[in-house]
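Reading through the structure tokens given below for one structure.
The values are calculated or read from the model by the stated rules, or taken from the named source; none is laboratory data. Remember, predicted model here, so these are calculated numbers, not experimental data. Quick reminder, even Gly has a Cβ in these numbers, built from the backbone with ideal geometry, and neighbours come from all protein chains shown.
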Amino acid sequence: MSLITVNLSLLTVIAVIIFLFIFTLTAILTLLSLIGKVKIQPYYQKQLFRLVLLEVAAVVIGFVANQLQLKPTVDMFVSEEMLISGQVWDSGFPEKSWRTKAQFKKNTDGKIEFHATTFLVRSDTSAIPIINWQSIEPFVLEEQMKEVTFLTSFKWTAEAGNVYPELKYEIEKSKVGILKLETDIGIRGSWIPEGTTENWGLMFNRTWQ
């Protein structure tokens, strides 16, 4: 531990002791003046009372700020353990009643593959698979990566053609796009089809198998 750190810690302790002394003194004086044990002019009595309120507010703000600092932070790195550890990643698109289930798995070479299916979820709880996704090539995660980007293919299923007749000529045609993911509360990111300016926003949350 450095001398500077020790000095700062000592100064913090001294500052807290001085604050507590002043707070206790002003609180006692204010209380005694209110019950008539100590005579203080009304103007100064009001100032003492305001000072006590300010000190209480400072204690509350300091406590809240300390609790926020102690709160665990979100891991800002995309790690292999986080992606793979027996989890299915879930992403919803409520406007279209779509829900995507995605998984990251290791292949025999130790590289990561991405597979996902998007379902049309009907009110009767039936789920129709309409889109299949998969990474075009396996990828490797380096340490402390804040985001991961890889190419994925996108295909409308035959079932999608039954639900959306306008897609009948797009069935099973593969589209290629760039999928970029970064950590948040879950994993957020985007899928951008090659040669277009479209941007499909994604937000994956963890669900367990």
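Contact list please: Cβ distance under 7 Å, first residue in the range 22-44 and over 20 Å from Glu55 (Cα atoms) and not assigned by TED's automatic domain parsing to the domain that holds Glu55, second residue loosely packed, with under 15 Cβ neighbours inside 10 Å and at pLDDT 75 or above, pairs at least six apart or on different chains. Listed pairs, sorted by first residue: none to list. For the range 112-138, the set of residues classified as more than 16 Å from Lys180 (Cβ to Cβ), part of a loop (DSSP other than H, G, I, E, B) and not polar (S, T, N, Q) consists of Arg122, Asp124, Pro138, listed by residue number.
Of Leu181, Leu141, Leu151, which residue is under 19 Å from Lys105 (Cα atoms) and outside any strand (DSSP E or B)?
Working: Leu181 fails: outside any strand (DSSP E or B); Leu151 fails: outside any strand (DSSP E or B).
One residue alone meets the criteria, Leu141.
Of the residues that make up the range 132-145, is at least one without any contact (Cβ under 8 Å) to a residue 12 or more places away in the chain, charged (D, E, K, R) and under 19 Å from Thr100 (Cα atoms)? Checked against the condition, which is being without any contact (Cβ under 8 Å) to a residue 12 or more places away in the chain, charged (D, E, K, R) and under 19 Å from Thr100 (Cα atoms), the range 132-145 yields no hits at all. Scanning the range 154-165 for residues that are surrounded by 13 or more Cβ atoms within 10 Å (Cβ to Cβ) and outside any loop (DSSP other than H, G, I, E, B) yields Phe154, Lys155, Trp156, Glu159, Ala160, Gly161, Asn162, Val163.
Which residue is farthest from the chain's Cα centre (by Cα), if the candidates are limited to the range 59-91 and must be hydrophobic (A, V, I, L, M, F, W, C) and modelled with pLDDT of 80 or more?
Filtering the range 59-91 down to residues hydrophobic (A, V, I, L, M, F, W, C) leaves 59-61, 63-65, 68, 70, 74, 76-78, 82-84, 88-89.
Okay, now just the ones that are also modelled with pLDDT of 80 or more, so 61, 89.
On the way: Ile61: 24, Trp89: 15 Å.
Among those residues, the one meeting the criterion is Ile61.
When you scan the range 123-137, do you find a residue that is within 24 Å of the chain's Cα centre (by Cα), of a type outside the set (S, T, N, Q), within 18 Å of Trp191 (Cα to Cα) and surrounded by 13 or more Cβ atoms within 10 Å (Cβ to Cβ), even just one? If you could, list the steps in order and put the result at the bottom.
At the first step, the residues of the range 123-137 found to be within 24 Å of the chain's Cα centre (by Cα) are none.
No.
Using the structure shown, decide if Pro94 is at pLDDT below 65 and either out of contact with any strand residue (DSSP E or B) (no Cβ under 9 Å at 6 or more places or on another chain) or under 18 Å from Glu143 (Cα atoms) (or both). Criteria not met by Pro94.
For the condition modelled with pLDDT of 85 or more and outside any helix (DSSP H, G or I), Asp109 qualifies.
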